[in-house]
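A.B. asks: Below is a structure I'd like to ask you about.
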């Protein structure tokens, strides 16, 4: 079973401040730096997601691209 609650940051902070000290300490230990870094690395920005899903060239296409650049550069010099 999963419950999703949409509350603002300020409301969440106020709720945490109302917890007893032992629960705040427990929450703090769960939300350690390692957890935060893991979470941040999973949350890709839209741009990063776009780049990761972008098409890429094969080795053959890259060689053809290099040859075309070489041809265009020699053509421009004439």
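A.B. asks: Applying 1/(1 + (r/R0)^6) with R0 = 22 Å to the Cβ-Cβ distance of residue 62 and residue 34, what FRET efficiency is obtained, to the nearest 0.05?
C.D. replies: In this case the efficiency is close to 0.05.
A.B. asks: How far is helix 21-30 tilted, in degrees, relative to the longest principal axis of the Cα atoms in the chain, given as a value from 0 to 90 rounded to the nearest 10?
C.D. replies: The helix 21-30 is inclined about 20 degrees to the chain.
A.B. asks: Right, something else. Taking the Cα atoms only, what angle lies between the long axis of helix 33-42 and the longest principal axis of the chain, rounded to 10 degrees?
C.D. replies: The angle comes out at about 40 degrees.
A.B. asks: Of the listed values [x] 13, 19, 23, 13, 10, 12, 9, 2; [y] 20, 57, 22, 1; [z] 16, 33, 24, 19, 7, 1, identify the label whose number matches P(r) over Cα pairs in 10 Å bins from 0, in percent calculated from this model.
C.D. replies: Computed from the coordinates, P(r) over Cα pairs in 10 Å bins from 0, in percent corresponds to [x].
A.B. asks: I've got another one for you. Mean-square fluctuation check for the chain, GNM, Cα pairs under 10 Å: which of 26, 38, 11 is largest?
C.D. replies: Residue with maximal mean-square fluctuation among 26, 38, 11: 11.
A.B. asks: Further question: Using a Gaussian network for the chain with springs between C-alpha atoms less than 10 Å apart, which of these wobbles most: 39, 17, 63?
C.D. replies: Looking only at 39, 17, 63, the largest GNM fluctuation is found for 63.
A.B. asks: Connecting C-alpha atoms closer than 10 Å in a GNM of the chain, tell me which of 58, 45, 29 has the biggest fluctuation.
C.D. replies: In the Gaussian network model the winner is 58.
A.B. asks: Grab the DSSP H runs of the chain that are 4 residues or longer, score each as -39,500 (n - 2.57), total them, divide by all residues and round the 222 nm result to the nearest 500 deg cm²/dmol.
C.D. replies: My calculation for the chain gives -22000 deg cm²/dmol from helical runs alone.
Throughout, read-outs are computed from the coordinates displayed, never taken from laboratory work. Computed from a predicted structure; not experimentally measured. A quick note on method: Cβ atoms are made from the backbone with ideal geometry, for glycine too, and the neighbour counts reach across all protein chains shown.
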